[in-house]
Amino acid sequence: MKKEYCGLFGIYGHPEAARMTYFGLYALQHRGQESAGIVTWDGEQIREQKGMGLVADVFNERHLGKELKGNIAVGHIRYSTTGASLLRNAQPFLVRFGDWRLAIAHNGNLVNTLELRAELEASGSIFQTTMDSEIFVHLIAKHLNGGTIEDAVIKACQRVKGSYSLLILANDKLIAVRDPHGIRPLCLGRLDDAYVISSETCAFDLIEAEYLRTVEAGEMLVVQGNCLRTFRIGEPKPAKRCIFELVYFARPDSVVFGEVVYSCRKQMGKTLAQEAPVDADYVMPFPDSGVYAAVGYAQQSGLPFEVAMVRNHYVGRTFIQPSQSMRDFSVRVKLNPVRSLIKNKRIIIVEDSIVRGTTIRTRVKKLRELGAREIHMRVSCPPIKFPCFYGIDFSSKGELIAANHAVEDIARYIGLDSLHYLSIGGLLDSVGADREHHKYCLACFDGNYVIPPCAEGGKLCMDEQNALTW
């Protein structure tokens, strides 16, 4: 079952809320390419527009200028999901309950979905989608009778287990929530008199909003009128931010978890050069994911930085395409070599991660065919050995190459002369974290899950099947 990794954007108190949300989602497009949606509220009516595909394909001037009226808006982009790739699973998820109109957008993944869904269905709830995000809707509705929306949201959050950043449009209120461990990012900004909330700060830059602060782990913000209120959704828990945001997912020009992503990635490359130097002619990335770590490696090692593979920018990220067949197709069209830079050269490739290994193997094979003399790879994160249950698309050990094979075997499979992964300590150093008392989730590297996934008979329910074979 796929996990979802998404982008959220919301704005309160702007006369062109839908248009600002469109731009915000556009800036966050790297977080999802499957579907997009915007819901608005004008004081009387709630309106929505959702569709499959990229932000620019889902919305047009009619939607933004005429149909999506109101000064409050919530937007969502999504990729490979916990449910099927269908329009009904696109978010924000919109419901009408009594006098309430609720729109919910969720980034993350719940680990007790099946248990809660069975309980809710037994009590009469009817689900319209296969998304874990719909759990929030039913739990909120269950607690809304006779209570405030704030209390209902808090009680709903106390029932779920997993990772979530939420944006909820509830009539004339905009509510933002981050899970108690702070696994998924969320930040608060200001545009003139309007409050804005986003998964990343790069969305603020596009609309020229001011970044105020990170939404804290376990915090709920409620915006109504000119008032911003803050609540705690439960007892404080150890912070466990997803370090893969800084390694791969976030845009390099964003501030995530209070860290400048660009600086973190460049430092990862510098630390790699200290851990695993090698004599070579130059350092290169596979654009765009490995670029900033490669810059750091080159600066630290004193070797030239070259772009020996040129990216076609009209092809999406291979990692977040919804099927392996599409990933293979993207490999063939995404990068083209600069042939004169490759023949008889000793090359260091800096990559941000190796998940399955199939994409990189194809690219290295091409470099060999073009006459590269030596190919060394340095990876700016540790080996990914364990599934992620909190919202990243590697949900079984069988599809993780490092979970099943030693580093030397991976190097041989990919076709490398040498391979080195950044150590966990080196990664923590690179993001300015204390090795012993850090606040990051490293479960995909070390298997230490802060929230145990689907316990069954006292053991973690992990998919050990379909291991990679060569």
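What follows draws every value from the coordinates through simple rules; no lab data is involved. If you're wondering where the values come from, they're calculated on a predicted model, not measured in any experiment. A quick note on method: Cβ atoms are made from the backbone with ideal geometry, for glycine too, and the neighbour counts reach across all protein chains shown.
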* Structure fact -> Bridge orientation stat for the chain from DSSP, antiparallel percent rounded to 5, came to 80
* Asked: How compact and how long is the chain, expressed as Rg and Dmax of its alpha-carbon atoms in Å?
  -> 22.5, 75
* To do: Check cross-link reach from residue 266 to the aspartates and glutamates: straight Cα distance under 16 Å, and skip same-chain residues fewer than eight apart.
  => 245, 253, 275, 288, 306, 351, 352, 429
* What base-10 log of the normalised intensity I(q)/I(0) is obtained for segment 70-179 from the Debye formula, alpha carbons as equal point scatterers, at q = 0.13, 0.21 Å⁻¹? -> -0.44, -1.25
* Using θ = phi - 60° and the Karplus relation 6.51 cos²θ - 1.76 cosθ + 1.60, list the HN-Hα couplings for segment 210-227 in order, rounded to whole Hz, with x at every Gly or Pro. => 8, 6, 9, 5, 7, 5, 6, 4, x, 9, 10, 9, 10, 10, 8, x, 9, 10
* **Most positive-pole-ward Cα, 424, 437, 297, against dipole of the chain from beta carbon charges** => 297
* To do: Evaluate E = 1/(1 + (r/R0)^6) for residue 362 and residue 418, where r is the Cβ-Cβ distance and R0 equals 22 Å; express this FRET efficiency to the nearest 0.05.
  => 0.70
* Taking only the alpha carbons of segment 129-237, what extent do you get along each of the three principal axes, in Å, biggest first? -> 39, 31, 28
* Dipole-positive endmost among 102, 15, 147 within segment 1-155 (Cβ charges, Cα centre) -> 15
* To do: Compute the distribution of all C-alpha to C-alpha distances in segment 350-412, in bins of 10 Å from 0, and list the percent of pairs in each, rounded to whole numbers.
  => 20, 51, 23, 6, 0
* About the Cα centre, charge dipole magnitude for the chain (Lys/Arg +1, Asp/Glu -1 at Cβ), debye -> 1000
* Compare the Cα positions of 59, 175, 358 along the charge dipole of the chain (+1 at Cβ of Lys, Arg; -1 at Cβ of Asp, Glu; about the Cα centre) and return the one farthest towards the positive end. => 358
* Additional length obtainable on full extension of the chain from residue 115 to residue 171, 0.36 nm per residue less Cα span -> 17.2 nm
* Where Rh denotes the Kirkwood radius from the mean inverse Cα pair distance, what is Rg over Rh for segment 205-249? -> 1.05
* Asked: In whole angstrom, how long is each semi-axis of the equivalent ellipsoid of segment 176-227, when you take the square root of 5 times every eigenvalue of its Cα gyration tensor and sort them from largest down?
  -> 19, 14, 6
* Lys pairs, segment 7-239 - Cα-Cα below 24 angstrom, 8 or more residues apart or on other chains -> 11
* Rounded to a whole number, what is D in µm²/s for segment 7-239 from Stokes-Einstein with the Kirkwood radius over alpha-carbon pairs (37 °C, 0.692 mPa s)? -> 190
* Asked: Which value, in debye to the nearest 20, describes the size of the charge dipole of segment 7-239 about its Cα centre when Lys and Arg Cβ atoms bear +1, Asp and Glu Cβ atoms bear -1, and nothing else is charged?
  -> 360
* To do: Considering Cα pairs under 8 angstrom that are at least six residues apart, work out the relative contact order of the chain and quote it in whole percent.
  => 13
